[in-house]
Ligand SMILES: Cc1ncc(COP(=O)(O)O)c(C=O)c1O
């Protein structure tokens, strides 16, 4: 099995977090998202402990809310000693509704509107991660007009290629996020921030991409950021207090993906950064990292019911299910790989190679290709593993298919943390 959250019970049913997935499907219906609270907390603790040990107690992991943003997530994060990043007024609103401490929030995003800036400043959030010179002026002016001085980090692009796929590779020069180091614009950006009266520059942020399986791209990014901090200090005397290295450790979606040793990777990174700070006479900044998928991906699993099997003469076998790109667009978007198992016949021989097709009206609306399953028939249950990240948060109502519910599996008792979207919900914004 892909990881130790999965198993097979005496009934031949797939188990997730020790629970019978076929029974859960019967009780809650499908499509259904499952989320394991234990796994989620375990992943949080890996980061929290490794960062405290490596970087010291003033470091803090921030959860990348974009990967799974539901109110129920935030009390768990708060208890686990996390901060969080938000990238929109909607994510900010969600975190605040959940009572998450505003001063632990970092407001990201390259297209913040004045309304969102006012909302963030007014809510007293910890930091804006400012993405452009225009935004810098706007945050400064709006904060001043509200009688506040807003703490900020500046998002810089260090020009590192982490060799991940293009859609999740964000640290290159030619990208729509941040201000590049290599062209000299970052220095001008920092000097502009030091002159802006409505903001207090505290530090810098970079995010080089996602699904990164080695710590060395982070080391290379950190080197460039630290060199920049050194140059800025020499030029202006400014001492950087926070360095945020973004998110991105990879997760095992399939058995072909390597496993990242997060504690060892963070320890190696911490050693390197401490050594560089010593060498370049820099005060050790407070470190932030922003894991998203490595917190929630393997804590999630999705269940579908097969509606039909289409065996195309000379072509593929399509197992058509009751969900699709409306609840998980990642395969349609960038051919994201997942591991798929039969949930109700987990011991049967996986003797048919299938394409798992969604129900949405797009020929590219597949969920996965080339998966081996016991020849599926109507009513069979299919489980897609490691779906906790960028799935619920990317779900849509395409074809007016309602979003599935999310069931949090917990030793203290399972509970729904998002309801199934029903027909009345689908028309509630229509005028
Ligand atoms: C700025 C920023 N931080 C953190 C993340 C989280 O990345 P991951 O989910 O791969 O850990 C992302 C992902 O897009 C991001 O853009």
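As an exercise, find the ratio Rg/Rh for region 325-431 from alpha-carbon atoms, using the Kirkwood inverse-distance average for Rh.
1.00
Once R0 is set to 41 Å, what does the formula 1/(1 + (r/R0)^6) return for the Cβ-Cβ distance between residue 348 and residue 45, expressed as a FRET efficiency to the nearest 0.05?
0.65
Rounded, prolate or oblate, given the Cα gyration tensor of region 1-111, with a/c below 1.5 counting as rounded?
Taking the square roots of the gyration eigenvalues as a ≥ b ≥ c, region 1-111 is oblate.
Once the Cα atoms of helix 216-236 and of the chain are each reduced to a long axis, what angle between those two axes, in degrees from 0 to 90 to the nearest 10, is obtained?
The answer is roughly 20 degrees.
Report, in deg cm²/dmol and to the nearest 500, the calculated mean residue ellipticity at 222 nm for the chain, where each DSSP H run with n ≥ 4 adds -39500 (n - 2.57) and the sum is divided by the residue count.
That comes out to -9000 deg cm²/dmol.
When the Cα centres of region 180-226 and region 358-431 are compared, how far apart do they sit, in Å?
Cα centres, region 180-226 to region 358-431: 37 Å.
Please express the shape of the chain as an equivalent ellipsoid: the semi-axes are the square roots of 5 times the eigenvalues of the C-alpha gyration tensor, given largest first in whole angstrom.
They are 41, 23, 20 Å, listed from largest to smallest.
Compute the Cα gyration tensor for region 1-43, then decide on rounded, prolate or oblate, letting a ≥ b ≥ c be the square roots of its eigenvalues: rounded whenever a/c is under 1.5, prolate when a/b is larger than b/c in the other cases, and oblate in all that remain.
It comes out oblate by the Cα gyration axes.
Could you give the distance between the Cα centres of region 79-104 and region 307-334, to the whole Å?
36 Å
Taking Cα pairs under 8 Å and at least six residues apart, what relative contact order does region 44-185 come out at, in percent?
15 percent
Restricting to the chain, what percent of DSSP beta bridges are antiparallel, rounded to 5?
45 percent
Give the calculated FRET efficiency between residue 431 and residue 307 to the nearest 0.05, with a Förster radius of 25 Å applied to their Cβ-Cβ distance.
After rounding, the FRET efficiency stands at 0.15.
How are the alpha carbon pair distances in region 295-337 distributed across 5 Å bins from zero to the largest one, expressed in percent?
Result, from short to long distances: 6, 16, 18, 27, 20, 8, 3, 2, 0 percent.
Please say if region 58-193 is rounded, prolate or oblate, where rounded means a/c under 1.5 for a ≥ b ≥ c the square roots of the C-alpha gyration tensor eigenvalues, and otherwise the choice is prolate for a/b larger than b/c and oblate otherwise?
oblate
With only alpha-carbon pairs counted, each pair once and no self-pairs, how large is the Kirkwood hydrodynamic radius of region 108-291 in angstroms?
17.0 Å
In degrees from 0 to 90, rounded to the nearest 10, what is the angle of the helix 37-55 Cα long axis to the longest principal axis of the chain?
30 degrees
Quick one: angle between helix 185-195 and the longest Cα principal axis of the chain, in degrees between 0 and 90, rounded to 10, please.
60 degrees
Quick note: the coordinates plus some simple rules give every number you see, no bench work behind them. What you see is a predicted model; the values in this text were computed from it and never measured. With ideal geometry, Cβ positions are generated from the backbone for all residues, glycine too; neighbour counts draw on all protein chains shown.
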